[in-house]
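Single-structure report; data block below.
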Amino acid sequence: MRIRSSAAHVEISAPGKLNLHLEVLQQRPDGYHELESLLVPISLVDTLRFHPAPHGEIDFGWEAAGMPGDVAGMPVATKNLVVRALEALRRYVGRGLGAVVRLVKRVPVGAGLGGGSSDAAAALAAGNLGWNLGLSVAELHELAAGLGSDVPFFLHGGPAICRGRGEQVEPVTGLGRLHFVVCMPPASLLTRDVYRACVPAARPVDCQDLLASLRRGRLAQAGRLLHNRLEEAAAMLSPWVDRLRREFARLDVLGASLTGSGAAYFGLCRTARHARRVAALLQQRAVGRVYAVAGGC
Ligand code: C5P
C-alpha cells in the first residue's frame with residue numbers, strides 16, 4: 001500500500017494479491033473455513049483518493065481505468081467495502097466525519113485478486129490519516145477483520161502467511177521479486193459459492209516447502225509447488241477454470257494456479273521480460289484480460 005498525503009487529501013495505491021498457496025483445513029461452527037495461505041501483493045493496483053471534511057456525508061464514486069468491462073458487478077454506494085470501511089471508522093470514533101472519496105479501479109472484480117478487500121484496507125488507512133484519528137495498528141486490524149477475511153492482509157502490506165479465516169497475518173520476507181502472468185476470464189466467481197462447494201483437505205498440504213524454494217530462488221521448484229484447494233470447487237462452478245488450466249499448461253510457465261476463489265488464473269515466470277512475452281502469447285487466445293505483474297519481496 002503506497003501512501004501519499006497532503007493537507008488536502010490522501011492518495012493510496014491499493015494492490016491486488018495472488019495466493020501462491022491456499023489450503024482449506026476445515027469448516028468452522030461459524031460457517032467460515034480455517035485456512036493456511038501464502039499471499040503476495042502485486043503491481044496491479046487500484047488508486048483511492050480521500051478528501052476529508054470535518055462533518056457531512058461520505059460521497060463515494062469510482063471509475064474504471066480504461067477497462068469498463070472489468071469492473072462490471074462492482075458494488076456501489078453503501079454496499080461498497082470502501083464506504084463500509086469509512087462508516088466503521090466513523091462509528092468506532094463516534095464522530096460524524098465527512099469525506100469525498102474517488103476510486104480508480106484496475107483490479108478486476110470477482111477475480112480472487114482481493115481488489116475489494118484492498119480498497120477497504122486503503123480506506124481504513126486513508127480515513128485514519130486524513131481524519132487525523134491516530135488509531136493504532138491493532139485497532140485498525142480489528143476493524144479490518146470485521147470487514148472481510150482478506151482485509152487485514154492488505155492493511156499490513158507485503159507478503160504474508162494468513163491463517164484462521166484469513167485474518168491472522170504473519171508477514172514473511174525473502175521471497176525476492178517474483179513475476180507472473182495473470183488472466184481474468186470473462187466470467188467472475190462468488191467467493192461464498194466456491195467455499196460452499198469446496199471439500200476441506202483430508203491430508204492438508206502446508207506451504208513451508210514452497211516458502212523455502214522461493215527463498216532459495218528455486219523458481220522452477222516453487223512453480224511445481226503452487227497449490228490452491230479451492231481450484232476444484234471453482235472448476236465445478238465455472239468452465240473457465242478448466243479452460244484456463246489447459247491454456248496455462250500449454251504455456252512456458254514454471255507453474256500455474258487459481259488465485260483465491262477465482263476466477264483469475266496465474267502463472268509464475270522467470271523474469272519480467274518472460275512474463276511480458278507469455279502475456280502477449282496468452283492475449284492472442286481470447287481467454288480474457290491478461291496482465292504481466294510483479295509481486296513478492
Ligand atoms: O470474509 P469475506 O467476506 O471475504 O468472505 C466471503 C465469504 O467467503 C464468506 O461469507 C464465506 O462464505 C467464505 N469464506 C469462508 N472461509 C474463509 C473466508 C471466506 O468460508 N476463511
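Just so you know, all these numbers are worked out from the coordinates, no wet-lab data involved. Just so it is clear, the structure is predicted and the values come from calculations on it, not from any experiment. In this analysis, Cβ positions are derived from the backbone assuming ideal geometry, glycine residues included, and neighbour counts consider all displayed protein chains.
What you get for the stretch 173-296, charging only the Cβ of Lys and Arg (+1) and of Asp and Glu (-1), is a dipole of about 420 debye around the Cα centre. Considering the stretch 2-169, its Cα convex hull presents a mean projected area of 9.6 nm². Counting other Cβ atoms within 10 Å as a rough exposure proxy, the listed residues 269, 198, 162 run 198, 162, 269 from fewest neighbours to most. Length gained on full extension, residue 284 to residue 25, computed as 0.36 nm times the residue gap minus the Cα-Cα distance: 89.5 nm.
Stretching residue 250 away from residue 59 to a fully extended chain increases their span by 64.1 nm, per 0.36 nm per residue minus the current alpha-carbon distance.
Counting charges near residue 22 (Lys, Arg +1; Asp, Glu -1) among other residues having Cβ under 14 Å from its Cβ returns a value of -3.
Using 0.36 nm per residue and subtracting the Cα-Cα separation, the extra length available between residue 208 and residue 297 on full extension is 30.4 nm. Counting neighbouring Cβ atoms within 10 Å and putting the fewest first, the residues 30, 252, 46, 150 line up as 30, 252, 46, 150.
From least to most packed, judged by other beta carbons within 10 angstrom and beginning with the fewest, 184, 236 follow the order 236, 184.
Summing Lys and Arg as +1 and Asp and Glu as -1 over all other residues whose Cβ lies under 9 Å from the Cβ of residue 207 gives a net charge of -4. Contact order, relative form, for the chain: 22 percent (alpha carbon pairs under 8 Å, 6 or more residues apart, mean separation divided by residue count).
Its DSSP H runs of at least 4 residues, each contributing -39,500 (n - 2.57), put the calculated 222 nm mean residue ellipticity of the chain at -9500 deg cm²/dmol, to the nearest 500.
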